[in-house]
Amino acid sequence: MSASVEYSAPDSAGRFGPYGGAFVPEILIPELQALRTAFAEAWASNTFKDRYHALLQTYVGRPTALTRADRLSEVLGDVQIFLKREDLCHTGAHKINNTIGQILLARQMGKTRIIAETGAGQHGVATATVAARFGLECIVYMGAEDMQRQALNVARMELLGAEVRAVTSGSQTLKDATNEAIRDWVSNPNDTFYIIGSVVGPHPYPVMVRSFHCVIGEETKSQLEAATGRANPDALVACVGGGSNAIGLFYPFIQDPEVQLFGVEAAGEGLNGRHAATLSRGKPGVLHGALSYLLQDTQGQVKLAHSISAGLDYPGVGPEHAWLKDLERVCYSAITDTEALYGVRLLSCTEGIIPALETAHAIAALKHIVDRVRPGGTIVVNCSGRGDKDMQTIMARS
Amino acid sequence: MTSRLTRRLGELRAANEKAMGIFVTNGFPTLQDTPGVLRALAAGGADFVELGMPFSDPLAEGLPIQRSSARALAGGVTMEDAFRCAADFRMSCDIPLLLMGYVNPILQYGPEAFCQLARESGIDGLIVPDLPPEESALLSDYAFRVGLDLIFLAAPNTSDTRIQKIDRMTTGFVYAVSITGLTGSGLNGRMQAIESYLERVRGLVTLNPLLVGFGIRSHEDARRLTRNTDGFIVGSALVRQIEALWENGSLSDMQRLSRVEAFVCTLKNGQDCT
């Protein structure tokens, strides 16, 4: 076994190498400082952590299963694939690990009003769910186009008592929903807690959201050891939009160089057409409060992303992924809309699991990744969400 | 060396006069209109002008400036256009000219080249609302090297010690954001809170002039908020005015520009003095 990799990002200013930071209007500076302090105290406190883990166990349904995918493995070659079943979390995706953590923090800070942005609606549903569970007012910003293609999740959020506000500016997708949520926060800093849904945004969000999702990778370690006798697989695979499910799975393995890490972005209609492959095709830039890779034109205007998967349809990416790319610690590739639809069918037919379109990108990438793993090697894929919400899109394309 | 902005604000202070800064988006309504609009602002009595560099995702802006930015970008406005507009303005006007915009287009242009070209085009300073002091190292050295002021903002929820820090780091003036909100937000019902906040800031800002902005729509707003400040800045209200004037098909461009001039003059003096 090779020596472990030194990795301690972010620094105290929230920087992952050159990336991250807090590029925000002055109004948000005191709020972010208060949030940093509250998070640091909470994460060092056993009381907070016990409460968080108790909710993950009794409300979210953790630990989620690690499922051996024999029929999928057989199709793909001489490998043993495991699925980390975040699709079995309450609400149907990994997103709730983070919203549980953030709403506990919101309560601790005495905030009474919760806001969130959402793309696919999974983070919106996960936020509306915990807001209902704790009896807090909840407003979710969602692009008008996304509300169309994820109508089921809109209905779920409303049933849970949240107000879903349609965002009609710009591309009417996740980027613009995030703009509106930040504008709401700028206008209501005193009583409002902004629950960001990915490892994006200004410091401390990327490190905080990572902390709340690390349970994915930590469980994987102990479950894999129980199943195979080895805690470390040969490779980990996860889809990357903002990058939260990927960071949650990868982070506990980051200092173990024998574990190859693969992040899969959305290539949309192809990397020469409309896509959302920020790391593959973007350049460093500032969006939503952090320096990271960004899809932008030569004038520094943010370009519209495209993906069949609303959850990956974002022109930015978490700053930690930018740093992991530059360090070459994670290998990032991209999968097209058509390949993702194949991924949905592949996992459905071989394992009886209908994955979310986001997750399907990771599944579809496996056929390229198996060649880079030793014969008989072990691969864990983050099965980040279930596909019920995407049935309309899937049916329209089949 | 004293900058044109510092000199101008100093002269106004000595004359016991409040400074008026006016913001307008470059390329709004169209790129052809901007040079005329800038001259009208100066003719109407603006003490300095902020030329907005539009960005696709302007986080601190309310709807009027969001709309003007989107319209300018749809018209294809670039950073080079801002420099050209500035150089054109400099040929006929001597009041300070600032560029206001978000950090990403500056980063893509290259901060060093950006500062150099801005200075050569006659720009006097920069306001970058998503670049707080903690992140300003990306730009500040280049700006100072060529003599561009870099203006930082304070907000109602900024602590006393932080306001003092901002006063030490800013050049030109301290920009007090009137409310916790977006540009163009209403001030109704908040006046007392704003005044006591400005009184607090007045006591803490000792090294620079203090100007207030966000939500100021009228001469009355301006008069009230300059009791404890050295001047005020208006943006969204002018942008709304321009929107309406250019939508009105019965007006000629000359008439539109003279109404812009009258609007600005009324902001400063309480009556149309053109």
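Looking only at region A:344-362, decide whether some residue is in a loop (DSSP other than H, G, I, E, B), touching a residue at least 60 places away in the same chain (Cβ under 8 Å) and not small (Gly, Ala, Ser). Even if it seems obvious, please write down each step before you answer.
Keep residues of region A:344-362 that are in a loop (DSSP other than H, G, I, E, B), which gives A:352-354, A:356.
Applying the additional criterion that residues be touching a residue at least 60 places away in the same chain (Cβ under 8 Å) yields A:353, A:356.
In the following step, the residues that additionally are not small (Gly, Ala, Ser) were identified as A:353.
Within region A:344-362 (the criterion being in a loop (DSSP other than H, G, I, E, B), touching a residue at least 60 places away in the same chain (Cβ under 8 Å) and not small (Gly, Ala, Ser)), the answer is yes, since at least one residue qualifies.
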(message) What pairs come out if I take residues in region A:156-171 that are closer than 15 Å to A:Thr118 by Cα and pair them with residues that are assigned to a loop (DSSP other than H, G, I, E, B) and open to solvent by 80 Å² or more (accessible area, probe 1.4 Å) whose C-beta lies under 7 Å away, six or more apart or interchain?
(response) A:Ser171/A:Leu304
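Output yes when any residue across region A:203-224 is closer than 21 Å to B:Pro58 by Cα and in a helix (DSSP H, G or I), and no when none is. Break it down into steps so the answer makes sense when it comes.
From region A:203-224, those closer than 21 Å to B:Pro58 by Cα are A:203, A:205; that's our starting set.
Then drop every residue that is not in a helix (DSSP H, G or I), which leaves A:205.
So far as region A:203-224 goes, yes, one or more of its residues are closer than 21 Å to B:Pro58 by Cα and in a helix (DSSP H, G or I).
For region A:127-190, give me every one of the helices (runs of 4 or more DSSP H) that falls completely inside it and has 3 or more residues that are more than 12 Å from chain B (Cβ to nearest Cβ).
Numbers: elements: A:144-149, A:151-159, A:174-187.
Helices (runs of 4 or more DSSP H) meeting the threshold: A:144-149, A:151-159.
Name the residues in region B:135-160 that are surrounded by fewer than 17 Cβ atoms within 10 Å (Cβ to Cβ), in a helix (DSSP H, G or I) and within 11 Å of chain A (Cβ to nearest Cβ), would you? Reasoning before the result, please.
The initial filter retains those residues of region B:135-160 that are surrounded by fewer than 17 Cβ atoms within 10 Å (Cβ to Cβ), namely B:137, B:141, B:144-147, B:159-160.
Checking which are in a helix (DSSP H, G or I) leaves us with B:137, B:141, B:144-146, B:160.
Across region B:135-160, the qualifying residue is only B:Ala137.
Going by the structure shown, is B:Ala86 touching a Ser or Thr at 6+ places or on another chain (Cβ under 8 Å), assigned to a helix (DSSP H, G or I), under 26 Å from B:Leu138 (Cα atoms) and open to solvent by less than 10 Å² (accessible area, probe 1.4 Å)?
For B:Ala86, the condition - touching a Ser or Thr at 6+ places or on another chain (Cβ under 8 Å), assigned to a helix (DSSP H, G or I), under 26 Å from B:Leu138 (Cα atoms) and open to solvent by less than 10 Å² (accessible area, probe 1.4 Å) - is met.
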(request) Hey, can you tell me all the residues within region B:102-113 that are of a type in the set (A, V, I, L, M, F, W, C) and closer than 19 Å to B:Asp57 by Cβ? (result) B:Val103, B:Ile106, B:Leu107
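Could you list, in sequence order, the residues of region A:323-345 that are of a type in the set (Ser, Thr, Tyr) and within 19 Å of the chain's Cα centre (by Cα)? Give the derivation first.
Step one: filter region A:323-345 for residues of a type in the set (Ser, Thr, Tyr), giving A:332-333, A:336, A:338, A:342.
Answer for region A:323-345, where residues must be of a type in the set (Ser, Thr, Tyr) and within 19 Å of the chain's Cα centre (by Cα): A:Tyr332, A:Ser333, A:Thr336.
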(request) Exactly one condition in (1) within 11 Å of another protein chain (Cβ to nearest Cβ); (2) surrounded by fewer than 20 Cβ atoms within 10 Å (Cβ to Cβ); (3) without any contact (Cβ under 8 Å) to a residue 24 or more places away in the chain; (4) over 22 Å from B:Gly235 (Cβ atoms) is not met by B:Gln108; state its number. (result) (2)
(message) Among the residues of region A:16-42, what is the count of those that are within 14 Å of chain B (Cβ to nearest Cβ) and open to solvent by 60 Å² or more (accessible area, probe 1.4 Å)?
(response) 4
(request) Residue by residue through region B:111-134, note down the ones that are in a loop (DSSP other than H, G, I, E, B) and either crowded, with 20+ Cβ neighbours inside 10 Å or of a type in the set (D, E, K, R) (or both). (result) B:Ile123, B:Asp124, B:Val128, B:Pro129, B:Asp130, B:Leu131, B:Pro132
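Only one of A:Gly318, A:Gly268 is at negative phi and away from chain B (no Cβ under 14 Å). Can you tell me which?
Exactly one residue qualifies, and that residue is A:Gly318.
Quick check, is A:Ala69 at pLDDT 95 or above, open to solvent by less than 70 Å² (accessible area, probe 1.4 Å) and either more than 30 Å from A:Pro375 (Cα to Cα) or under 22 Å from the mean Cα position of the chain (by Cα) (or both)? If you could, list the steps in order and put the result at the bottom.
Details: at pLDDT 95 or above: yes; open to solvent by less than 70 Å² (accessible area, probe 1.4 Å): yes; either more than 30 Å from A:Pro375 (Cα to Cα) or under 22 Å from the mean Cα position of the chain (by Cα) (or both): no.
So A:Ala69 fails the test.
The values are calculated or read from the model by the stated rules, or taken from the named source; none is laboratory data. Owing to the predicted nature of the structure, the values given are computational and were not obtained by experimental measurement. Neighbour counts run over all protein chains shown; Cβ positions are idealised from the backbone, glycine included. Side chains are part of the model used for accessible areas, which takes the heavy atoms of the whole protein and leaves out ligands, DNA and RNA. Shrake-Rupley method; radii C 1.70, N 1.55, O 1.52, S 1.80 Å.
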